[in-house]
Amino acid sequence: MSKIYLDNAATTRVRDEVVDSITKVIKNEYGNPSSTHSYGRSSKSIIESSRKEIADLLNVSSSEIIFNSGGTEGDNMILRNCVKNLDIRHIVSSKIEHHAVTHTIEYLSETNDIQISYVNTFSNGDIDYDDLENILSNSTSKTLVSLMHINNELGNISNIKLISKLCKQYDALFHSDTVQSIGHYDLDFKELKLDFFVASAHKFHGPKGVGFAFVRKNTQLGSFLTGGMQEKGFRAGTESVHNIFGMAQALKISINNLSAEKKYISEIKNYFISRISEEIEDIKFNGNSADINNSTYTLVNILLPIDKKTGGLFMFKLDMKGIACSTGSACQSGSNNGSHVLNEILNKEDNNMISLRFSFSIYNTKEEIDCVINEIKNLLI
């Protein structure tokens, strides 16, 4: 039985070229980058050249890139330190953010004297920008807006350029979880003018356990982990040299091949939408995921006409057929509450049905899509 992996929004296969580059560094560059001897200096040079490469690809300064373990740590670092060190007393977010944001905000509201405002979302999952402006215009304390660029479950794309403009207009800071967009879109952050954003290497065919945060220069965010002066004092701990190098290589390859790979994956997504719409009666698409112009080209979220109570069994049967997809974010697996995103936007009837997220990469084929849709069709009989 051949396996089919359609859960690329959760994590991606590491490119062969990246595996080779990581292996080479592991074998040859084992010095501690904080050491002053030649071995340490060589490792440090790899880190700094990787930092510059990432910064150049995103059009930011290398001093604004802080290496860490990934998006969840980056979101925590930024949100917690904005409250602790930047005197943020009002956080504006939405109820359909990644749990790295929602749970952190909830914790901060329980442990600090801060106000939380949730911007309205429409039934398709889009942000209500008029409501956002209304909240900002009436804010009386120092404010941070935290809204993701691409929703990891629905694929909806937020207008971060507009959000950034509103934040500047009302003197608010802007943080965005850009984990689903870094490496998949050509983003010029000098033009976008965000104050903070985060990335995870494993979302763009890089290694797991490494990522970075962008902290705009002259922002006195303060340290997140103490015990050393690595990462300019923002994050103590010996850096993962090989993973940082692999991340930089993965991002470079993704950006350099973006046009061709985006075209290919878009064709896979459109083919999936077309085929499943033909084969399965009463199929629905959650959010904007079927709209190629208003959602990411990498995923689709479908609503099947079967009771949610059978969802676990349905997923199990797909898994037994070698098909990997998800019922929501991988980061909330094990939860009995379902998707907090779908709970927020779906009506009661639709929310009682099973929803599945299929997410695509350059390693998928139309033949795999045919196989998956045939299996879903057979399971619905």
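Taken together, the values in this text are just the output of simple stated rules run on the coordinates, not laboratory data. Predicted, not measured: the structure shown is a model, and the values here were computed from it. Note that each Cβ is placed from the backbone with ideal geometry, even for glycine, and that neighbours are counted across all protein chains shown.
Among the helices (runs of 4 or more DSSP H) lying completely within segment 1-112, list those that include at least 2 residues that are within 30 Å of Lys366 (Cα to Cα) and out of contact with any helix residue (DSSP H, G or I) (no Cβ under 6 Å at 6 or more places or on another chain).
16-28
Would segment 152-174 turn up any residue that is within 11 Å of His98 (Cα to Cα), part of a strand (DSSP E or B) and not hydroxyl-bearing (Ser, Thr, Tyr)?
Quick first cut of segment 152-174, residues within 11 Å of His98 (Cα to Cα) only: 152-153.
Filter once more, keeping what is part of a strand (DSSP E or B): none.
No, segment 152-174 contains no residue that is within 11 Å of His98 (Cα to Cα), part of a strand (DSSP E or B) and not hydroxyl-bearing (Ser, Thr, Tyr).
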For the structure I just gave you, tell me whether His98 is touching a Cys at 6+ places or on another chain (Cβ under 9 Å) and not aliphatic (A, V, I, L, M). yes
Only one of (1) in a loop (DSSP other than H, G, I, E, B); (2) over 20 Å from Ser326 (Cα atoms) is not met by Ala250, so which one is it? (1)
Looking at segment 217-230, can you tell me whether even one residue there is within 24 Å of the chain's Cα centre (by Cα), surrounded by 21 or more Cβ atoms within 10 Å (Cβ to Cβ) and of a type in the set (Lys, Arg)? no
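Can we say Asn243 is part of a loop (DSSP other than H, G, I, E, B) and either hydrophobic (A, V, I, L, M, F, W, C) or within 19 Å of the chain's Cα centre (by Cα) (or both)? Spell out the reasoning first.
Values: part of a loop (DSSP other than H, G, I, E, B): no; either hydrophobic (A, V, I, L, M, F, W, C) or within 19 Å of the chain's Cα centre (by Cα) (or both): yes.
Against the criterion (part of a loop (DSSP other than H, G, I, E, B) and either hydrophobic (A, V, I, L, M, F, W, C) or within 19 Å of the chain's Cα centre (by Cα) (or both)), Asn243 does not qualify.
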Could you list, in sequence order, all residues of segment 108-133 that are without any contact (Cβ under 8 Å) to a residue 24 or more places away in the chain and surrounded by 14 or more Cβ atoms within 10 Å (Cβ to Cβ)? Ser109, Asn120, Asp128, Asp131
Hey, could you check segment 1-48 for residues that are closer than 28 Å to Asn374 by Cα and among the hydroxyl-bearing types (Ser, Thr, Tyr) and say which is surrounded by the most Cβ atoms within 10 Å (Cβ to Cβ)? Thr12
Please go through segment 262-310 and give me each residue that is in a loop (DSSP other than H, G, I, E, B), within 21 Å of the chain's Cα centre (by Cα) and in contact (Cβ under 8 Å) with a residue 12 or more places away in the chain, ordered by number. Asn286, Gly287, Asn288, Ser289, Ala290, Ile292, Asn294, Thr296, Tyr297, Thr298
